[in-house]
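The values are calculated or read from the model by the stated rules, or taken from the named source; none is laboratory data. Note that the structure is predicted; figures quoted are calculated from it, not measured. Ideal geometry is used to build each Cβ from the backbone, glycine not excepted, and the neighbour counts take in all protein chains shown. Ligands, DNA and RNA are stripped out before the accessible areas are found, and what is left, the full protein with its side chains, is counted by its heavy atoms. Shrake-Rupley method; radii C 1.70, N 1.55, O 1.52, S 1.80 Å.
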Amino acid sequence: MSILEQISAELQRGEEERVGELTRQAIAEGLAPQQILDQGLIGGMNVIGEQFRDHEIFLPDVLLAARAMYAGMDELRPLLIKEGIPTSGKVVIGTVQGDLHDIGKNLVGIMLRGAGFEVIDLGKDVTPDRFVTAAEESGAQVIGMSALLTTTMPVMKQVIGLLEEKGLKGKVRTVIGGAPLSEDFARQIGADAYAFDGANAIDRVKALVG
Ligand code: B1M
């Protein structure tokens, strides 16, 4: 089994410490951080998602896997950020109200920081008002919203509605992301951009602050 396969397997078993150790080992062996992330950690988490969907595993197993994912991300974070360059804009990010999934949002935050953006991370379960107030107070050019549940996707539209009400639409741009979203959904709700992963988010945000 390759080290990336081992990371994926240990993540699926919720072995937090092993995932941390193996991630350190993969870094020491010279594997690219992005490859460790995509093939090891996210690869393992995708399997967990499928097994959970098919009722083969249950919520506590998913929680353990999430913890193991964070152990790996902790090792990768300094490398992903170190590759960055000085600041190129300000972005407020968060997971929308009612949604507690923050792994993807945190990854996107790490990647944006790595690309030189100042990131104001509001965390998870963020109300529309908090998104808009944080952007107003910080002078951020972009609000980045994440949602993993189909039931929380509509909150994004509320944020855009609030920006419109305050006359900020167009001044503060919006980028949305998360597994159930799409380019189409972004168009429907009037978001300025949709990004499918962290690297794509960097491109989209760069184009918006351009
Ligand atoms: Co939940 N969960 N979960 N869960 N969970 C999903 C999302 C689900 C698809 C699983 C399934 O059924 N297959 C399903 C949603 C179904 C739906 O809505 N259609 C689901 C469910 C049902 C639930 C609960 C309702 C379960 C319950 O209680 N019965 C519950 C809801 C809680 C809540 O939010 N109110 C719940 C809870 C949880 C945990 C707490 C146990 C845990 C989250 C822990 C945490 O985040 N701290 C969890 C997890 C881990 C998952 C899965 C397995 C993995 C999500 C993940 O972290 N993926 C997930 C299944 C899946 O997605 N395959 C699932 C890894 C991460 C790197 O990817 O988040 O997609 P992702 O982020 C990507 C891209 O989407 C994108 O870039 C990231 C990097 O590539 N991206 C952006 C994300 N945000 C972006 C923002 C951007 C740009 C790109 O710009 C701003």
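So the values come out like this:
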item	result
Complete set of residues in the range 7-26 that are open to solvent by less than 20 Å² (accessible area, probe 1.4 Å), within 14 Å of residue 64 (Cβ to Cβ) and small (Gly, Ala, Ser)	14, 20
Residue match in the range 162-171 (condition: within 13 Å of the ligand (Cβ to nearest atom) and open to solvent by 50 Å² or more (accessible area, probe 1.4 Å))	no
Qualifying residue in the range 30-39 (condition: outside the structural domain of residue 129 (by TED's automatic domain parsing), away from the ligand (no atom under 14 Å from the Cβ) and at positive phi)	yes
Unmet requirement for residue 188, which otherwise passes all of (1) of a type outside the set (D, E, K, R); (2) open to solvent by less than 70 Å² (accessible area, probe 1.4 Å); (3) away from the ligand (no atom under 15 Å from the Cβ)	(2)
Filter pass, residue 64 being near the ligand (Cβ under 10 Å from one of its atoms) and at pLDDT below 95	no
Count - residues of the range 196-210 that are within 7 Å of the ligand (Cβ to nearest atom) and exposed (fewer than 15 other Cβ atoms within 10 Å of the Cβ)	1
Test set (1) touching a Pro at 6+ places or on another chain (Cβ under 8 Å); (2) assigned by TED's automatic domain parsing to the domain that holds residue 9 - residue 51 fails condition number	(1)
Helices (runs of 4 or more DSSP H) contained entirely in the range 30-121, each with at least 2 residues that are buried (at least 20 other Cβ atoms within 10 Å of the Cβ) and of a type outside the set (A, V, I, L, M, F, W, C)	59-82, 103-114
Within the range 126-143, tally of residues that are surrounded by fewer than 16 Cβ atoms within 10 Å (Cβ to Cβ) and either within 17 Å of residue 159 (Cβ to Cβ) or among the acidic types (Asp, Glu) (or both)	5
Tabulated pairs, the range 101-126, first near the ligand (Cβ under 8 Å from one of its atoms), second of a type in the set (Ser, Thr, Tyr), C-beta under 7 angstrom, 6+ apart or interchain	101/95; 102/95; 104/146; 105/95; 105/146; 108/146; 124/95; 125/95
Residue in the range 17-29 that is among the polar types (S, T, N, Q) and at pLDDT below 95 present	no
Any hit, the range 1-14, residues being modelled with pLDDT under 95 and either at negative phi or not charged (D, E, K, R) (or both)	yes
